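Read the figures in this text as sums done on the coordinates, not as results from a lab. Computed from a predicted structure; not experimentally measured. Here the Cβ positions follow ideal geometry from the backbone for every residue, glycine too, while neighbour counts run over all protein chains shown.
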């Protein structure tokens, strides 16, 4: 199979992970172009990977789409531009990977999903933590039925983001282009919780607040209770105010016959594995085998995500993390926002809702 021509739009903080993933899948994907409205950002990114002069740089993505005609595009811009740029890429017939969140409104997420179906191309939401070895083992254990009836799950994201982080990019923490801690930092683990607990949510009740970041518009703390249609419950706690640095990102699953905890700074290691019929020695072996130590919170998941997307294109199947998965994660965050703003439980599925509905929330 000839490598798929891929182009990257957006050369900011997360972009090196995408370039590294492409290089790690060189037999499947080749980098054909990069694009950023700040040309120097794009040039610096290429220099980091010794690709300057070897890959063309664009400052206008429409021009890039027309001239390069990539088969696959990754959108890694500010969150508020994901939908508009993504729709243009789909309209051009490109398969698409969109960094999280897939969009900032239910309506835009639906438009992306519908357009991909209309054009017959693949849409992937970049929730790369689904590919963590620890998370894959959690999913495998769940699908084997080892938990029995699921009782409840809990997602804890206890991180730190300070003034320097927000000064780097003015869009961060704004309702129009980002959202707060839950939408930006916590959505990966929120995605995992929903996925593991059966996806179908009936009701959410939540509180959000801005306790320690007066220089952003959105929340730095969110706590939520989630009721799933299968009778299980979920607990979400997300914050970017932990002193003095990131502490942990942890996901717990509790069933009638088992307990599993995936922790570390970014759900990258199994810390508890206790199941009916599994002894201490076997449990310790699982914890030893499914342990990763990534250099940063982004983990190693981008590489297998790109490998899966390439296979999905070749095999004409849905990606492992498709557009509907991206919409479900977005929907749960928006439901939390809506419940916290109104002080009432919110039923799902959620009617159209977006981050801009909450402008002025903490003014």
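Order of 60, 199 from fewest to most other C-beta atoms within 10 Å? Before the final figure, lay out the partial values.
Working: 60 11, 199 14.
With the fewest neighbours first, 60, 199 line up as 60, 199.
Indicate, rounded to the nearest 5 percent, the antiparallel portion of the DSSP beta bridges found entirely in the chain. Each step should come with its number before you reach the end.
Numbers: 40 of 67 bridges.
If I count the DSSP bridges inside the chain, around 60 percent turn out antiparallel.
Contact order normalised by length for the chain, with contacts defined as Cα pairs under 8 Å and 6 or more residues apart; what percent is it? Show your work: numbers first, answer last.
Numbers: 819 pairs, mean separation 72.9, N = 363.
With pairs under 8 Å counted, the relative contact order is 20 percent.
What's the Cα-based Rg to Rh of the chain, Rh via Kirkwood? Let's see the in-between values first.
Working: Rg = 20.0 Å, Rh = 20.8 Å.
Reported Rg/Rh, Kirkwood definition of Rh: 0.96.
How do 129-138, 340-349 rank on mean C-beta neighbours within 10 Å, highest first? Don't skip to the answer; put the middle values down first.
Numbers: 129-138: 22.2, 340-349: 14.9.
So the peptides 129-138, 340-349, ranked by packing, come out 129-138, 340-349.
Could you state the orientation-averaged shadow area of the convex hull built on the Cα atoms of segment 174-281, in nm² to one decimal? Numbers along the way, then the final one.
Values: hull surface 33.5 nm².
For segment 174-281, the mean projected area of the Cα convex hull comes to 8.4 nm².
With a/c under 1.5 counting as rounded, go ahead and sort segment 241-313 into rounded, prolate or oblate using the C-alpha gyration tensor (a ≥ b ≥ c being the square roots of the eigenvalues; past the cut-off, prolate if a/b is larger than b/c, else oblate).
Since a/c reaches 1.5 but b/c is at least a/b, the shape of segment 241-313 is classed as oblate.
Can you give the translational diffusion coefficient of segment 292-363 in µm²/s, computed by Stokes-Einstein from the Kirkwood radius over Cα pairs at 4 °C and 1.567 mPa s?
Values: Rh = 15.2 Å.
Value of D from the Cα-based Kirkwood radius: 85 µm²/s.
Given the peptides 99-109, 322-332, 26-36, 143-153, arrange them by the average over their residues of other C-beta atoms within 10 Å, most packed first. Spell out each step's value before the answer.
Working: 99-109: 24.5, 322-332: 23.0, 26-36: 20.4, 143-153: 15.6.
Top of the packing list down: 99-109, 322-332, 26-36, 143-153.
Return the whole-Å distance between the Cα centroid of segment 223-296 and the Cα centroid of segment 1-40.
So the two Cα centres are separated by 32 Å.
For segment 57-102, what log10 I(q)/I(0) values come out of the Debye formula at q = 0.27, 0.29 1/Å, with one point per alpha carbon and no solvent?
Result of the Debye calculation: -1.03, -1.15.
Ranked highest first by average number of other Cβ atoms within 10 Å, how do 167-176, 254-263 line up? Write down the numbers at each step before the final one.
Details: 167-176: 16.4, 254-263: 18.8.
Descending mean neighbour count gives 254-263, 167-176.
For the Cα atoms of the chain, what angle does the longest principal axis make with the long axis of helix 187-196, in degrees from 0 to 90, nearest 10?
Approximately 60 degrees, to the nearest ten.
Based on other C-beta atoms within 10 Å, arrange 339, 266, 44, 241 from fewest to most.
Details: 339 21, 266 26, 44 14, 241 17.
By the 10 Å Cβ count, ascending, the order reads 44, 241, 339, 266.
How far is helix 302-315 tilted off the main Cα axis of the chain, in degrees rounded to 10, range 0 to 90?
With rounding to tens, the tilt is 70 degrees.
Divide the volume of the convex hull of the Cα atoms of segment 107-212 by its number of residues and quote the answer in cubic angstrom per residue.
Values: hull volume 18.9 nm³, N = 106.
Enclosed volume per residue, from the Cα hull, is 178 Å³.
Please work out the Cα center distance from segment 69-132 to segment 309-363, rounded to the nearest Å.
Centre-to-centre (Cα) distance: 14 Å.
No solvent, one uniform scatterer per C-alpha: report log10 I(q)/I(0) for segment 15-80 via the Debye equation at q = 0.18, 0.26 1/Å, two decimals.
At q = 0.18, 0.26 Å⁻¹ the computed log10 ratios are -0.66, -1.41.
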